[in-house]
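Before any comments, here is the structure.
None of the figures in this text is laboratory data; all of them are computed from the coordinates on show. These figures come from a predicted structure and were not determined experimentally. Note that each Cβ is placed from the backbone with ideal geometry, even for glycine, and that neighbours are counted across all protein chains shown.
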Amino acid sequence: MSENTTLEAIKYTPGHLEILDQLALPHETIYEQVKTIEDGHAAIKTMKTRGAPAIAIVAALSLAVDVSARHARGEFGQSAATAFTFLENSLEYLKTSRPTAVNLFDAANKLSAINQQAASIDSATASSVVQTYVQAAEQMLVDDVQDNKNIGKHGADFIIKNVKNNKDISVLTHCNTGSLATAGWGTALGIIRDLHARGDLTHAYCTETRPYNQGSRLTAYELVYEKIPATLICDSMASALLNQNTSVQAIIVGADRVAANGDTANKIGTYQLAITAKHHGILFIVAAPSTSIDLNTKTGEDIVIEERPPEELTNVTGIRLVDGKPTPTTVRTAAQHIGVWNPSFDVTPNELISAIVTEKGVVVKKSGEAFDMTSFLLS
């Protein structure tokens, strides 16, 4: 696939940021301008922007746009300390938008270290501190795209080498991990894209991914957009699919956080897919940039799981035509007064994972052991 056929969820030029409103997809393509950190926080919190890598990039760039505008208005004067304080407080605020995606915290910590270094220089000014931050945030955007392309290559290589029949490879993916979830290209969907580009993909299957339907709304949209042969299934159909279709030889998912032992937090429903992959003897692959690996989180038991509003489970959102114009509408499908448990993520134990694919390469484990993510990252 040529690069210009991929979707663009983040549009950035110095001083200007737009994000694709993923709540409107697949019915409408709407870009919204992000001018402030409050705009960035709201876009992430409401899931107009989602996907761990994209969350980090939008947070970083929303601050880049905001701080540039404030500096241009003279809000910091010449004071490096004033600019530094604003940047640090803003990063702490942006970290409150989504608690599970470690990429956001990793990006914020790296940017904070850069801010501290820039502000500590004797000749530092507000201008130099702001410029250093903006350049660092912009570089994160560039690096994320290249990292995802590397993930795609490494993952495709691993699958072709390790499936039982590399002449007939179909795969199943969960949630959305493509261009819409990253700065571009994608992680798990990037691997699927790479397999397709090589001519090694027979078919892709995507789950609906209830209750927020990222699979049916977003992944299906991307697969159709890029002309990859694909079929949508309900989450509850996955085991039946694997039982009936031996062509499906791998399940590929993304990650919001990977613990030091390889336990992985990802969209709710991932855990049960790992169980069925194990039962049917096929590969279960986690695809994520190394920024999703949190060495400070020793096991999955330490991962905080975000809970979403009950309305996401009890209601269904779609569109209806009003005077020929698509208009969002919400319909309740559940009984009134029923209790709701709506975790956004679950944790897949490392023993159910075949490999973890990063931009640095593929992490595998010795039989009967956990992944050693520390050695991999530090090697």
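Remarks
- Relative contact order of the chain: 16 percent, from C-alpha pairs under 8 Å at least 6 residues apart in sequence.
- Given the chain, longest segment not containing exposed loop trypsin sites (Lys or Arg not before Pro) (DSSP; at most 10 other Cβ within 10 Å): 228-365
- Percent RCO, i.e. relative contact order, over the range 3-145, from Cα pairs under 8 Å lying at least 6 residues apart: 23 percent
- Under DSSP loop assignment and at most 16 Cβ neighbours within 10 Å, longest GluC sites (Glu not before Pro)-free interval of the chain: 76-305
- Cα pair count fraction exceeding 23 Å, expressed as % - the range 172-257: 14 percent
- Ellipsoid equivalent to the range 3-145 - semi-axes via the Cα gyration tensor, in Å: 27, 15, 14
- Antiparallel bridge percentage (DSSP; both residues within the chain; nearest 5): 55 percent
- For the range 133-220, the Kirkwood hydrodynamic radius from C-alpha pairs, put into Stokes-Einstein at 10 °C and a viscosity of 1.306 mPa s, yields a diffusion coefficient of 115 µm² per second.
- Multiplying the residue separation of residue 92 and residue 332 by 0.36 nm and removing their Cα-Cα distance gives an extension gain of 82.8 nm.
- Distance histogram for the chain (every C-alpha pair counted, 20 angstrom bins, percent rounded to whole numbers): 29, 56, 14, 0
- When the convex hull of its Cα atoms is projected in every direction, mean area for the range 203-360 (nm²): 11.8 nm²
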